[in-house]
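Data block below; observations after.
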Amino acid sequence: MPDQEKLVKELADKHGRKREFLLPILQELVYEKNYLTDESMRYVAKELNISAADVYGTASFYTFLDTELRGKYVIRVCKTISCSMKGKDEILHVICDTLKIDVGETTLDKKFSLLATNCIGWCHKAPAMLINDIPFIELTPSKVTKILQDYIKR
């Protein structure tokens, strides 16, 4: 039995095999494997007895359920109006210049991926971004430069 199929079975045993458990299973797959492969989504569909289109539709709807391989550090910059009004474009410019990638791309060394995403829940402290699950708020170009330098050194 392939590794991903085994993991999906374990997650279905843990959560249950009803449609309502699809999201927690997908979230744990992303946590364990960094992204959802087509193969893993087919296994989930089989285990939950739902269509692969339903699984893929759910996975592609949610920003944090990656369906393609990302870098070790996934940078998600909030693109809401709050962040835009407070300098989101400057923040993106600094990130793109520093990492030499555009939004939607991953660095050649697979260390960083850059995504623009809808609200991350920090509008009151805009502009904001997440690196993996860690929020960075009230960003300025110099703050972003320092944050990136710290991650580059890791």
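The values are calculated or read from the model by the stated rules, or taken from the named source; none is laboratory data. Remember, it's a predicted structure, so these values are computed and weren't measured experimentally. Every residue, glycine among them, receives a Cβ derived from its backbone with ideal geometry; neighbour counts consider all protein chains shown.
Determine if the stretch 69-91 includes at least one residue that is surrounded by 15 or more Cβ atoms within 10 Å (Cβ to Cβ), more than 20 Å from the chain's Cα centre (by Cα), at pLDDT below 95 and polar (S, T, N, Q).
Scanning the stretch 69-91, I find at least one residue that is surrounded by 15 or more Cβ atoms within 10 Å (Cβ to Cβ), more than 20 Å from the chain's Cα centre (by Cα), at pLDDT below 95 and polar (S, T, N, Q), so the answer is yes.
Quick grid of which residues meet (1) touching a helix residue (DSSP H, G or I) at 6+ places or on another chain (Cβ under 8 Å); (2) part of a strand (DSSP E or B); (3) more than 13 Å from S82 (Cα to Cα):
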{"site": "D102", "(1), (2), (3)": "yes, no, yes"}
{"site": "K110", "(1), (2), (3)": "no, no, yes"}
{"site": "L115", "(1), (2), (3)": "no, yes, yes"}
{"site": "I120", "(1), (2), (3)": "no, no, no"}
{"site": "P127", "(1), (2), (3)": "yes, no, no"}
{"site": "K146", "(1), (2), (3)": "no, no, yes"}
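So which residues in the stretch 33-55 are crowded, with 16+ Cβ neighbours inside 10 Å, assigned to a helix (DSSP H, G or I) and out of contact with any Lys or Arg (no Cβ under 9 Å at 6 or more places or on another chain), if there are any at all?
M41, R42, V44, A45
Pull out all pairs, ordered by first then second residue, where Cβ-Cβ is under 6 Å, the residues are six or more apart or on different chains, the first lies in the stretch 127-138 and is on the phi < 0 side of the Ramachandran plot and crowded, with 19+ Cβ neighbours inside 10 Å, and the second is basic (K, R) and at pLDDT below 90.
Pairs that qualify, where the first residue is on the phi < 0 side of the Ramachandran plot and crowded, with 19+ Cβ neighbours inside 10 Å and the partner is basic (K, R) and at pLDDT below 90, are P127/K86; P127/K88.
Keeping to the stretch 56-68, report how many residues are assigned to a helix (DSSP H, G or I), surrounded by fewer than 20 Cβ atoms within 10 Å (Cβ to Cβ) and touching a helix residue (DSSP H, G or I) at 6+ places or on another chain (Cβ under 7 Å).
2
Results for (1) modelled with pLDDT under 95; (2) closer than 25 Å to V144 by Cα; (3) not basic (K, R), shown as yes or no for each residue.
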site	(1), (2), (3)
K18	yes, no, no
E28	yes, no, yes
Y35	yes, no, yes
Y56	yes, no, yes
A59	yes, no, yes
I95	no, yes, yes
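Enumerate the pairs (first residue in the stretch 1-20 and within 17 Å of A59 (Cα to Cα); second residue anywhere and among the small types (G, A, S)) with beta-carbon separation below 6 Å, excluding pairs fewer than 6 apart on the same chain, so at least 6 apart or on different chains.
Hits for this filter: Q4/S40.
Assuming Y73 fulfils every condition listed in (1) touching a Ser or Thr at 6+ places or on another chain (Cβ under 7 Å); (2) of a type outside the set (K, R); (3) touching a residue at least 60 places away in the same chain (Cβ under 8 Å) apart from one, which condition is it?
In the conditions (1) touching a Ser or Thr at 6+ places or on another chain (Cβ under 7 Å); (2) of a type outside the set (K, R); (3) touching a residue at least 60 places away in the same chain (Cβ under 8 Å), Y73 misses (1) alone.
Surrounded by fewer than 13 Cβ atoms within 10 Å (Cβ to Cβ) and of a type in the set (A, V, I, L, M, F, W, C): is that true of I25 in this structure?
The answer is no for I25.
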